[in-house]
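Below you'll find the structure, written out as structure tokens, and then a few comments.
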Amino acid sequence: MSNISSQSNIKSIAILGGTGDLGGGLARRWSRAGYKILIGSRTADKGKLAAEGLLQEFPELNVTGHENLEAASNADLVVLTVPFAHQISTLSTVKPALKGKILIDVTVPLIPPKVGTVQLPKSGSAAQAAQEFVGDEVAVVSAFQNVGAQHLNEDHDIVCDVLVTGDKRVARDTVIRLIEDLGLKGWHAGPLANSVATEALTSVLITINRHHKINGSGIVITGQSASN
Ligand SMILES: NC(=O)c1ccc[n+]([C@@H]2O[C@H](COP(=O)([O-])OP(=O)(O)OC[C@H]3O[C@@H](n4cnc5c(N)ncnc54)[C@H](OP(=O)(O)O)[C@@H]3O)[C@@H](O)[C@H]2O)c1
């Protein structure tokens with residue numbers, strides 16, 4: 001049964017780099033929530049293989065594999081899930097297909113080997129660099145930096161909230177609804193400039209994972225709603 005919110009005008013989602021850990025987890029969970037998922041890859045064959053893997057497990061899903069540009073061109077919304085080092089080069093291959101769409105950027109600017117140390121780019125954040133590169137006709141929304149891919153790929157409830165930043169309120173609202181369809185809580189975390197905080201927090205979580213031997217630490221926002 002579909003969990004897609006009746007308010008959502010997003011029916012299909014392209015996940016660029018959806019053959020990897022984070023993108024694969026999002027593909028798994030959003031397809032099971034009822035979305036049509038287009039798994040993007042640098043090579044169509046690799047994308048198709050990833051789609052077949054999901055379909056073997058869940059034959060009823062609507063999942064297909066494509067080369068990144070084809071996936072982005074044929075979806076209502078696009079998600080970028082590739083390593084920081086390849087963020088802008090991947091965007092350059094799909095830029096014309098993003099016009100008028102929401103782009104969810106999950107990138108964390110990790111620079112190995114010191115991934116436990118915050119190393120933000122000169123542009124401020126990876127998400128700001130993406131917005132600058134794709135231009136104003138694309139609404140970049142930054143999310144998922146603090147959710148471990150292993151949780152998305154396992155079929156258990158996830159104890160982690162998602163901080164959502166972006167300069168266009170309607171786009172942020174849309175992404176928060178998509179996050180709710182994954183069974184997660186999404187929070188309005190302000191303009192895209194605030195993505196410096198969500199991206200930086202990942203290195204803090206990586207350090208906590210290592211020091212305290214935790215498999216995928218995350219964050220939960222606490223506090224009482226004023227209506228309570
Ligand atoms: N892993 C996590 O727990 C986690 C959590 C939060 C955020 N993130 C962020 O999510 C993004 C993806 O992380 P991940 O762990 O899923 O990465 P990953 O599995 O290492 O790679 C994801 C995909 O990126 C593509 N890719 C690899 N090398 C590339 C290159 N040279 N040029 C273009 N594309 C390339 C590959 O797809 P194809 O070979 O099919 O093209 C690959 O399957 C990163 O920005 C990361 O910071 C990850």
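Taking the Cα centre as origin and putting +1 on Lys and Arg beta-carbons and -1 on Asp and Glu beta-carbons, what dipole magnitude results for the chain, to the nearest 20 debye?
That gives the chain a dipole magnitude of about 300 debye.
Return one whole number: the accessible area per residue of the chain in Å², for a 1.4 Å probe. Let's see the in-between values first.
Details: 10960 Å² over 228 residues.
That works out to 48 Å² for each residue.
First measure r as the distance between the Cβ atoms of residue 111 and residue 208, then evaluate 1/(1 + (r/R0)^6) with R0 = 22 Å and state the FRET efficiency to the nearest 0.05.
Computed FRET efficiency for residue 111 and residue 208: 0.70.
Over region 12-211, what is the relative contact order in whole percent, taking alpha-carbon pairs under 8 Å and six or more residues apart?
Reported as a whole number, the value is 19 percent.
Could you tell me, in Å, what Rg and Dmax come out for the Cα atoms of region 15-98?
When restricted to Cα atoms, region 15-98 yields Rg and Dmax of 11.6, 35 Å.
Would you look at the GNM of the chain, springs on alpha carbons closer than 10 Å, and say which of 99, 46, 213 moves the most?
Result for the chain, Cα springs under 10 Å: 213 fluctuates most.
Would you please name the GluC sites (Glu not before Pro) within region 121-228 that are DSSP coil residues with at most 14 other C-beta atoms within 10 Å of their C-beta?
Of the GluC sites (Glu not before Pro), the ones in loops of region 121-228 whose Cβ has at most 14 other Cβ atoms within 10 Å are 137, 154.
I want to verify the translational diffusion coefficient of region 151-228 in µm²/s; compute it with Stokes-Einstein, Rh as the Kirkwood radius over Cα pairs, at 4 °C and 1.567 mPa s.
Details: Rh = 14.0 Å.
Calculated translational D: 93 µm²/s.
Express the carbon and sulfur contribution to the solvent-accessible surface of the chain as a percent, rounded to the nearest whole number, probe 1.4 angstrom.
54 percent
Using modelled amide H (1.01 Å from N, peptide plane; none on Pro or chain starts), what sits under 5 Å from the amide H of residue 79, excluding residues fewer than 5 places away?
Those lying under 5 Å, H to H, from residue 79 are 14, 15, 16, 104.
What's the local net charge at residue 137, with K and R +1, D and E -1, over the other residues with C-beta under 14 Å away?
Charge balance in the 14 Å sphere: +1.
What is the Cα coordinate range of the chain on the first, second and third principal axes, sorted by size from largest, in whole angstrom?
39, 39, 36
Roughly speaking, what is the stretch gain from residue 52 to residue 167, that is 0.36 nm per residue apart minus the C-alpha to C-alpha distance, in nm to one decimal?
Gain on stretching residue 52 to residue 167: 37.8 nm.
Taking θ as phi - 60°, what are the ³J(HN,Hα) couplings along region 49-63 by the Karplus curve (6.51, -1.76, 1.60), each to the nearest whole Hz, with x for Gly and Pro?
Calculated HN-Hα couplings, in order: 4, 5, 5, 4, x, 5, 5, 5, 6, 9, x, 7, 6, 9, 10 Hz.
Need the C-alpha centroid separation for region 72-138 versus region 163-228, integer Å.
So the separation of the two Cα centres works out to 17 Å.
The values are calculated or read from the model by the stated rules, or taken from the named source; none is laboratory data. Values in this document were obtained by computation on a predicted structure and should not be read as measured data. A quick note on method: Cβ atoms are made from the backbone with ideal geometry, for glycine too, and the neighbour counts reach across all protein chains shown. All accessible areas refer to the heavy atoms of the entire protein, side chains included, with ligands and DNA or RNA removed. Shrake-Rupley method; radii C 1.70, N 1.55, O 1.52, S 1.80 Å.
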